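No lab work stands behind these numbers, since they all come straight from the coordinates. Worth saying up front: this structure is predicted, and the values here are computed from it rather than measured. In this analysis, Cβ positions are derived from the backbone assuming ideal geometry, glycine residues included, and neighbour counts consider all displayed protein chains.
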Amino acid sequence: MIIIQSIEIINFRSIVKLDKGLTLNNLNIVVGQNDIGKSNFLKALNLFFNGETEIGNQYRFIDDFSKYARTPNKKAEEITIKITFLTPKRFKDKDAVVWTKIWRKEGLHKDEIKTINGKVLPGRSGALQWLKKLKYKYVPAIRGVEYFNHLMGELHDSLSEITPTAFNDASSNFIEALKNEVEVLVDNITAELGYTSQIGMPTNFKSLFSTLDFSLDKGGVVISLNKRGDGIKAQHIPIILKFISNHYKSITGQAVINPDTIWGFEEPENNLEMGNAFKLAKIFAGFSTDLQIFINTHSPAFYSLSKDFPEITNLYLVKTESEETGTKLFKVDDTQVFDKEVGILPIITDYIAKEVELRQIAELKAQELEKLKSNTRTLVLSEDQDLSFVKKLFEIQGFDIESTEFISYENRTNLLAAMQSCKIKLTDKPDLRHIIFHRDSDFFDNDEPDKDRVKERLINLNKSSDIKFHLFQTEYYDIESYFINSAHINSLYPNFSIEEIEQKINESTEEAKDKSLDKLYNKIAVYQKEAEYNGEAYKFSYPKTIKKLKEQYEANPKRYRYGKTVLGILIGKLQNGYENIDLLQKTDKITIPQLKKIVEE
């Protein structure tokens, strides 16, 4: 959600003049090199909302006033932060609101709230009350024990504020039970020492709450979060903060104004391996529909969110052009600018993102593999989500369907993930002999970008296991094409002669030609990327590539026709002779030597 529409900052630390008003979004990501001042943007917001630059560090003019500021003669040195807020539609005051704060040496000098048109909001204005209730949660880059204690204290505050009756009742019961337990101790002290002694009970449980700990079940062993690594702790922080935000929003009652929350999160990727950083980044994107989030980062896991969520994400590059101008923020639309800034090649960013996605898919598929029936002899992992054609084709080749299981890996680009999932030890499947990976050839001619990696992974799987691993890649565009077979159809429906069937196949192929060519033209992007990768983008030509692909199709339509569409048209033509055409029946006319050989082993 967008709470803050724009921000102006003058003379705060390395920021000398950010006065053109940054236009903001749900998720705002600030990227820059180390020690360039990118965190000062988030700290300025913390000063504005919470009166401190970092947790526990109150405003100090000598530290927070910019060393590069140029103050005219007879003018006081000032830090100015002006924020324009989008007023929620539920309030009568529809105009955006501008909140200005100015600090001088002695402290906060000016605190003014007006509409964007200069109108002063009345004290009972809903928009004004909403502004005053806004929560800004600043999360530092270093998140040790002290920060976790602070976070648990925040949790205490939200629980005690939103459900005070239930919280106070629980606290009173706890205190009463504690009094009963220590009463004997107090009596003993009085009797032995002659002193009248009492134990004071806590009136505020925040300090106690700050020591609360989470326990994680790891393989049946419960381990304290405090004893887990920093990476595990780091993943808990946004979840706890989101819970706190949701809890504040759960306030009900007449004329109640629910507080909205803004996050200022420093380097959320800290202490996370790359895979978990990508996972966490997606969580942030999801949360930004209910919060407004500001992040500074070095990680492609976070700044690449603009590719997947462009409508809700803004990217900013922090640069210092000179000491006189200080730190500047520039809105950027191309993530490759960031790749260059932080020293990562764009191709590596895409590669990392894909590898993380493949790993996540592999983990899910591994869980499915663990559920295989114990009598499974053959496992087929297919790119097809609809497994009916795959199952029938394998049955026709002689596979026993009772001892053969089929699992979809959903997309041909996920083949490496499917292979990765098979690294788990299937020790409880003693009958398992073969794992077959099915992939359609599509428009590729043994020139898939992942061809070498697939080959290498297949070799490694066969080296490390008694199970035999196979890659079955279709001879034609897709697996449906195997059923466009005149002999197979004639065996099922002998009223049609081979010649009639061939004619209908040719007609169907011609009618589906435009669809087939559209599919084949998807290879244009592959050729273009290949030319760019080889530094030969200037040689690439759309017209020449289209001509080449069209000639390729004309030379071998049986190979490149889009089987799914052709088969659908063909079945429609065959319906004239029979009421219900079902080509997914077993005949001996469809033969695939590779699969027949596996059956015989």
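General observations
- Using equal-weight Cα scatterers in the Debye expression, the normalised intensity of the stretch 243-295 in log10 at q = 0.24, 0.28 Å⁻¹ is -0.96, -1.12.
- Under 5 Å from the amide H of Glu54 lies no amide H of any residue 5 or more positions distant or on a separate chain, with H modelled from the backbone and absent for Pro and chain starts.
- Label-point separation in nm, Glu499 to Lys20, each point 7 Å along Cα→Cβ: 7.7
- Additional length obtainable on full extension of the chain from Thr587 to Val120, 0.36 nm per residue less Cα span: 159.8 nm
- Exceedance of the 29 Å cut-off in Cα-Cα distance is limited, within the set Lys101/Lys279; Lys38/Lys132; Lys38/Lys82; Lys74/Lys331; Lys282/Lys548, to Lys101/Lys279; Lys74/Lys331; Lys282/Lys548.
- Model label sites at Glu52 and Ile283, defined 7 Å from Cα along the beta-carbon direction, differ in position by 2.4 nm.
- Along the stretch 470-485 the Karplus relation, 6.51 cos²θ - 1.76 cosθ + 1.60 evaluated at θ = phi - 60°, assigns HN-Hα couplings of 9, 10, 10, 10, 4, 6, 10, 4, 8, 6, 5, 4, 4, 8, 8, 9 Hz to successive residues, with x for each Gly and Pro.
- As a calculated quantity, the FRET efficiency between Lys94 and Leu471 at R0 = 51 Å, using C-beta atoms, amounts to about 0.25.
- The Rg/Rh ratio for the stretch 482-600, using Cα coordinates for both the radius of gyration and the Kirkwood hydrodynamic radius, is 1.12.
- Against the rule of thumb 2.2 N^0.38 Å, how large the Cα Rg of the stretch 35-117 comes out: 1.26
- The coefficient of translational diffusion for the stretch 1-154, derived via Stokes-Einstein from the alpha carbon Kirkwood radius under 4 °C and 1.567 mPa s, stands at 77 µm²/s.
- Sparsely packed loop sites in the stretch 530-601 (the chymotrypsin sites (Phe, Trp or Tyr not before Pro) outside DSSP H, G, I, E and B with at most 10 other Cβ atoms within 10 Å) do not occur.
- Residues of the stretch 438-458 with amide N under 20 Å of a point placed 7 Å along Cα→Cβ from Ala555: 441-449
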